[in-house]
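A quick write-up on the structure given underneath.
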Amino acid sequence: MRKPFGYLRPASVAEALEMKAEHGPAARYWAGGTDLMLQWRRGEVEIAQCIDLTGLDGLAGIDERSGAIRIGALASLDALDHAALLDRHQTGVPATARLMCTKQTRTIATVGGNMCNASPGADLSPLFVALDAKAVIRTFEGQGDVPMEEFFTGVNRTVLDGEALLTAIVVPLPAARRAASYRRVARTVVDIALVSSAVSVTVAEGVITDARIALGSVAPVPVRVRKGEELLAGRTAADDLAEAIDEAGALAEEAAQPISDVRAGASYRRRMCGVLTRRALRDVLSRTRGEGA
Amino acid sequence: MIRLTVNGRTFDVEARPHECLSDMLRRELGLHGVRVSCSEGECGSCTVIMDGEPVTSCLVLAMQAEGRDVLTIEGLGNEDNLHPIQEAFIEEQGFQCAFCTPGFIMAAKAFLEENSDPTAEEAAIAMSGNICRCGAYPYIVKSVLNAAQKLGKGRPGDEGRSG
């Protein structure tokens, strides 16, 4: 039996920050708790106080404001799965959320918790990096934001420090047509990713104006495939891009820094980076070629 | 003490800060239909419905159920008055040892409210959050499809629906 912890229920974000500052590192912000509960049961983390955020108002919405989609940190994975706004803008987020854990855990688990847990295998992390999303962070000094690419600093580590609290993820909406796609290999449908690739492509007047590729599960944090992105940018989307897609896949293999563990070997993971990146690129390019492209 | 509604009745119960909902429901209210198997949110045995959504109650803090409305298998039906989903599981033999059955039935209830006329594939995917170690899966899928029919016939304005 693990050492029991105390329970605190703040009435506002400001009060949550104060509780965190007062009780220090052994006080943990608690949202769905689906990762934290297990880590505590396994004795992997010490928890003195649980600061339950789930009663806070206004942190679970998914809405469009000033050219971006704002996803509240307390939005559940199931809410992401059913978010018409995220689907309509071809973010790839609903389909990705649907791959995660099980229905009855998606209703509890939150997007903020998933990001803060910062697992190298987290499905949404590379996708948010590919979408150029930002983490909105509240501290005593006020509100700031950090690109998701810089949010993760290591295995289960993020830039969050002290009382800092992730309150939202903001996905920008480019003026031109964009499509994003996430592909992964996992042992079973509800398993976590052995390796994954997320791709986002923006097309304006038939030309690829921006391409972003991020790999998951091949390093402590998501890995950008910058050479592959540069290769695609500026090309005409209507052209036969088979060769460029092939080459981008090879560049993804080069960018990956996978390890071997019980779940997969490094060489397999590396090869799959190429395969998944090519599949994701074919998918998004076919979708940006549709009407209005 | 926390106050919550369970199976339509309001209770004031003792909940420990670190305790999960499934443990509290079993200890305080004697609801042993809430089965606990893996305690890791993998097997779905402890599935209950909270404010209309299915949840693995081994991962929810009991404290987080304050003010919420929880439904367990005991609130769905009983021996004298079976719920149509329970009838369907009996008719189709959607179980062997039945340890996992309450979890499957609660997951099916939430699913059928979202999709009242599923295909076999949709039903199988919807049940993928629950594990049956006896391997009764084909019968469980049949049970869910049978339950959808039973519930469909009970819906007003839907009497003429065929098959």
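The values are calculated or read from the model by the stated rules, or taken from the named source; none is laboratory data. Keep in mind the model is a prediction, meaning the values are calculated, not measured. Here the Cβ is made from the backbone with ideal geometry for all residues, glycine too, and neighbour counts use every protein chain on show. These area figures cover heavy atoms from the full protein model, side chains too; ligands, DNA and RNA do not enter into them. Shrake-Rupley method; radii C 1.70, N 1.55, O 1.52, S 1.80 Å.
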Quick one: plug the Kirkwood hydrodynamic radius of segment A:1-136 (C-alpha pairs) into Stokes-Einstein at 10 °C, 1.306 mPa s, and report D in µm²/s.
100
Please report, in debye to the nearest 20, how large the charge dipole of the protein assembly as shown is about its Cα centre when each Lys and Arg carries +1 at its beta carbon and each Asp and Glu carries -1 there.
820
Quick check: Cα centre of segment A:253-293 to Cα centre of segment B:89-153, how many Å?
35
Place a +1 charge on the Cβ of each Lys and Arg in segment A:1-156 and a -1 charge on the Cβ of each Asp and Glu, then give the dipole magnitude about the Cα centre in debye, rounded to the nearest 20.
500
What's the center-to-center distance, using Cα atoms, between segment B:1-41 and segment A:23-48 in Å?
20
In deg cm²/dmol and to the nearest 500, what is the mean residue ellipticity at 222 nm of chain A if only DSSP H runs of at least 4 residues count, each as -39500 (n - 2.57), divided by the residue total?
-9000 deg cm²/dmol
Rh_Kirkwood(segment A:135-259) over Cα pairs, Å, one decimal, evaluates to 16.4
What area, in nm² and to one decimal, does the C-alpha convex hull of segment A:1-73 cast on average over all directions?
5.7
The summed charge of the A:Ile71 Cβ neighbourhood (under 12 Å; Lys/Arg +1, Asp/Glu -1) stands at +1
For segment A:156-202, which trypsin sites (Lys or Arg not before Pro) are both in a DSSP coil and crowded by at most 15 other Cβ atoms within 10 Å?
A:Arg187
Within 14 Å, Cβ to Cβ, of A:Cys116, how many net charges do the neighbouring residues add up to if Lys/Arg are +1 and Asp/Glu are -1?
+1
Charge-dipole axis of the protein assembly as shown as Lys and Arg at +1 and Asp and Glu at -1 on Cβ define it, positive-most pick from A:Pro94, B:Val48, A:Leu231
A:Leu231
With point charges of +1 on the Cβ of Lys and Arg and -1 on the Cβ of Asp and Glu, referenced to the Cα centre of segment A:1-132, which listed residue (A:Leu127, A:Thr34, A:Val13) lies farthest in the positive direction of the dipole?
A:Thr34
Contact order relative to length for chain A, counting C-alpha pairs under 8 Å separated by 6 or more residues, stands in percent at 15
Here, segment A:195-293 modelled as identical Cα point scatterers in vacuum has Debye log10 I(q)/I(0) at q = 0.13, 0.20 Å⁻¹ of -0.42, -0.87
Give me a single rounded figure for B:38-44: the average over its residues of other chain Cβ atoms within 10 Å of their Cβ.
4
Cross-link partners among lysines for B:Lys142, C-alpha distance below 19 Å, same-chain residues fewer than 8 apart left out?
B:Lys109, B:Lys150, B:Lys153
Please report the buried accessible area for the interface of A with B, total over both chains, probe 1.4 Å, in Å² to the nearest 100.
2000
Quick one: divide the alpha-carbon radius of gyration of chain B by 2.2 N^0.38 Å and tell me what you get.
1.04
If you take the charge dipole of the protein assembly as shown about its Cα centre, with +1 on Lys and Arg Cβ and -1 on Asp and Glu Cβ, which of A:Ala73, B:Thr119, A:Val221 is farthest toward its positive end?
A:Val221
Packing-based ranking, highest mean first, of A:264-270, B:43-49, B:97-103 given that Cβ atoms within 10 Å are counted
B:43-49, B:97-103, A:264-270
Using helices alone, what [θ] at 222 nm do you get for chain B, with -39,500 (n - 2.57) per DSSP H run of 4 or more residues, divided over all residues and rounded to the nearest 500?
-11000 deg cm²/dmol
Using the Kirkwood radius over Cα pairs, work out the Stokes-Einstein diffusion coefficient for the protein assembly as shown at 4 °C and 1.567 mPa s, in µm²/s as a whole number.
55
What does the charge dipole of segment B:52-108 about its Cα centre add up to, to the nearest 20 debye, if the Cβ of each Lys and Arg holds +1 and the Cβ of each Asp and Glu holds -1?
240
Segment A:18-50: trypsin sites (Lys or Arg not before Pro) in DSSP coil with no more than 13 other Cβ atoms inside 10 Å:
A:Arg42
Rounded to the nearest Å, what's the spacing between the alpha carbon centres of segment A:133-181 and segment A:189-238? Just the number, please.
19
How big is the convex hull of the Cα atoms of segment A:251-293, per residue, in Å³?
67
